[in-house]
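Below you'll find the structure, written out as structure tokens, and then a few comments.
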Amino acid sequence: MKEKMEVLFFNSGATAVFNKERREQVPELQRSWLLLFAEFLEDKGIDPTEVSYILSQGQRVEVFKTPADGYNWRLK
């Protein structure tokens, strides 16, 4: 089976998605995996701003609510 897409996960929480057939990135699919998990927690009734997050390199991350009612994150 030929792979049509490639997904890269970075320690920073970012994601890069490539369409291998067209040899280009797919920006609409490049959501931060950390923010996707925050949305998952919210769907389960957990406030993602009240959770401790630690990246694979040991960096601590803070998830916060944005004025547009979404989430974003920053290194602590």
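Looking only at segment 10-24, residues that are modelled with pLDDT of 90 or more and surrounded by 13 or more Cβ atoms within 10 Å (Cβ to Cβ) come to 5 in all.
Okay, residues lined up against (1) closer than 18 Å to Lys76 by Cα; (2) in contact (Cβ under 8 Å) with a residue 12 or more places away in the chain; (3) of a type in the set (D, E, K, R):
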| site | (1), (2), (3) |
| --- | --- |
| Lys4 | no, yes, yes |
| Ser12 | yes, yes, no |
| Val17 | no, yes, no |
| Arg23 | no, no, yes |
| Gln30 | no, yes, no |
| Ala38 | yes, yes, no |
| Leu41 | no, no, no |
| Lys44 | no, no, yes |
| Glu50 | yes, no, yes |
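Scan segment 52-66 for residues that are part of a strand (DSSP E or B) and without any contact (Cβ under 8 Å) to a residue 24 or more places away in the chain and the total you get is 6.
The values are calculated or read from the model by the stated rules, or taken from the named source; none is laboratory data. Remember, it's a predicted structure, so these values are computed and weren't measured experimentally. Cβ: placed from backbone, ideal geometry, glycine included. Neighbour counts: every protein chain shown.
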